[in-house]
Amino acid sequence: MSHLHIPDGLLPVWLWVAGLAAAAIAVGFSLFMLRKVDLRKKIPLLGMMSAMMLVGMSIEVVPYHLNLSVITGIILGPWLAMVASLIVNLLMSLVGHGGVTVVGLNTLVIGFEGVMGYILFSIFRKALKPALSAAAATFLTLFMSTCLMLLIVFLGNIDLNIASTSELREVMESTPAGFAKHIIYSGGGFNLKFFAIASFAMGLIGWTIESAVTAFAVGFIDKVKPDIIGRRS
């Protein structure tokens, strides 16, 4: 849900360039933190979780798609979760799931979910069972990442009148996007207030679904192979 489905040319240059720079720093720092870690057993997990995130982001559940970023952070740890976020967003941009220029911002948002999910899961796990800890961590993390996504949209000051939005205009003619078009966008500009309300309303459904999926998966892993969620980078 918090993945930015924004085509190239829509966001101001300073914003997506800053996003690319910040993402490069975040991924570079993650690789630095991994320099002394034995990755032989984690590389297969990195590939598996990246593939799962790709599948999740390609399937819509109501007006929402699963990111599976929190469970990726829980299984891989924060540093590999950031690397997985870059891999996934690069591949998604190549199939038109967001523009190439938005890769940096998307890497930060999805990477934030992996890192924060890992942190919250580690905190909650001290008092709660793994499945419940995963559910709580997922719900809170997705709420925070949605706020981050809204901040990016606000900073982007999106203008649907510019010529480079032909791709977005085509999407907005679809249903149910077309139904909401005149509410989300008025002649005076982008209706961020409504967009935020709609994002949180849909988010409540999506966060609950993803929390349940993550809780089930973590609960199952805890029973059959608990060392996977016990690994730390």
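The values are calculated or read from the model by the stated rules, or taken from the named source; none is laboratory data. All values derive from a computational prediction rather than experimental measurement. Counting neighbours? That spans all protein chains shown, and the Cβs are built from the backbone with ideal geometry, glycine included.
Output the residues belonging to region 45-96 that are outside any helix (DSSP H, G or I) and either more than 12 Å from the chain's Cα centre (by Cα) or hydrophobic (A, V, I, L, M, F, W, C) (or both). Once the filter is applied, which keeps residues that are outside any helix (DSSP H, G or I) and either more than 12 Å from the chain's Cα centre (by Cα) or hydrophobic (A, V, I, L, M, F, W, C) (or both), region 45-96 yields Ile59, Glu60, Val61, Val62, Pro63, Leu66, Leu68, Gly77, Val95, Gly96. Does Ile110 satisfy the criteria of being touching a residue at least 40 places away in the same chain (Cβ under 8 Å) and either within 23 Å of Val17 (Cβ to Cβ) or surrounded by fewer than 24 Cβ atoms within 10 Å (Cβ to Cβ) (or both)? Answer is yes for this residue. With respect to the conditions (1) assigned to a loop (DSSP other than H, G, I, E, B); (2) surrounded by 12 or more Cβ atoms within 10 Å (Cβ to Cβ), Lys36 lacks only one, and its number is (2). Only one of the listed residues (Met53, Met116, Met57, Met144) is within 22 Å of Thr208 (Cβ to Cβ), of a type in the set (A, V, I, L, M) and surrounded by fewer than 18 Cβ atoms within 10 Å (Cβ to Cβ). That residue is Met144. Evaluated against (1) in contact with a helix residue (DSSP H, G or I) (Cβ under 8 Å, 6 or more places away or on another chain); (2) among the small types (Gly, Ala, Ser); (3) not in a loop (DSSP other than H, G, I, E, B), Gly28 falls short on exactly one condition, (1).
To keep it simple, each residue is scored yes or no on (1) more than 17 Å from Phe112 (Cα to Cα); (2) in contact with an Asp or Glu (Cβ under 8 Å, 6 or more places away or on another chain); (3) modelled with pLDDT of 90 or more.
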| position | (1), (2), (3) |
| --- | --- |
| Trp16 | no, no, yes |
| Ala26 | no, no, yes |
| Leu31 | no, no, yes |
| Lys36 | yes, no, no |
| Leu39 | yes, no, no |
| Gly47 | yes, no, yes |
| Ser58 | yes, no, no |
| Ser69 | no, yes, yes |
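Here is the figure for region 47-80: residues that are in contact (Cβ under 8 Å) with a residue 40 or more places away in the chain, over 19 Å from Ile6 (Cβ atoms) and aliphatic (A, V, I, L, M) total 10. Within region 189-216, being at pLDDT 85 or above, of a type in the set (S, T, N, Q) and either over 17 Å from the mean Cα position of the chain (by Cα) or surrounded by fewer than 17 Cβ atoms within 10 Å (Cβ to Cβ) (or both) holds for one residue alone: Thr208.
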